[in-house]
Amino acid sequence: MNEGIQTAKTQPQWNKDGHKVSILLIDTNSERRSMRRKIMAVHGVEIVGASDLAEASSIWHRDRYDMVLIDIRSDHRGCMAFRDEIKKDSAHQ
């Protein structure tokens, strides 16, 4: 499944605050989560993975993220609630 992914890393990507770009990735599929992490690492982006919304919520409150990617197709309402939580808390980030 990971065929064709290059392993040579580029320089880390930095956000406007001078921190390494980090993304919170929420995906129930562990293989897909791992593949996405490897692809983004090649581009100098740090990925923190969560397998569900509950785990993502606890991770979200601990650290700062430049982006949140949600790939959970079975819990639309939960995803919208988490999105609203992020919007509400984004002033703290």
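The values are calculated or read from the model by the stated rules, or taken from the named source; none is laboratory data. Just so you know, these numbers come straight off a predicted model, no measurement behind them. In this analysis, Cβ positions are derived from the backbone assuming ideal geometry, glycine residues included, and neighbour counts consider all displayed protein chains. Surface areas here come from the heavy atoms of the whole protein model, side chains and all, with no ligands, DNA or RNA. Shrake-Rupley method; radii C 1.70, N 1.55, O 1.52, S 1.80 Å.
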Could the peptides 49-57, 73-81 be put in order, highest first, of the mean number of other beta-carbon atoms found within 10 Å of their residues? 49-57, 73-81
Please calculate the 1.4 Å probe accessible area of VAL45, with all protein chains present, and give it to the nearest 10 Å². 20 Å²
Eligible aspartates and glutamates near LYS38 by straight Cα distance, threshold 13 Å, same-chain separation 8 or greater: GLU3, GLU46
What's the extension gain from HIS43 to ARG64 if we count 0.36 nm per residue and subtract their Cα-Cα distance? 5.6 nm
May I ask you to compute the full-extension gain from ASP75 to LYS20, defined as 0.36 nm times their residue separation minus their alpha-carbon distance, rounded to one decimal in nm? 16.8 nm
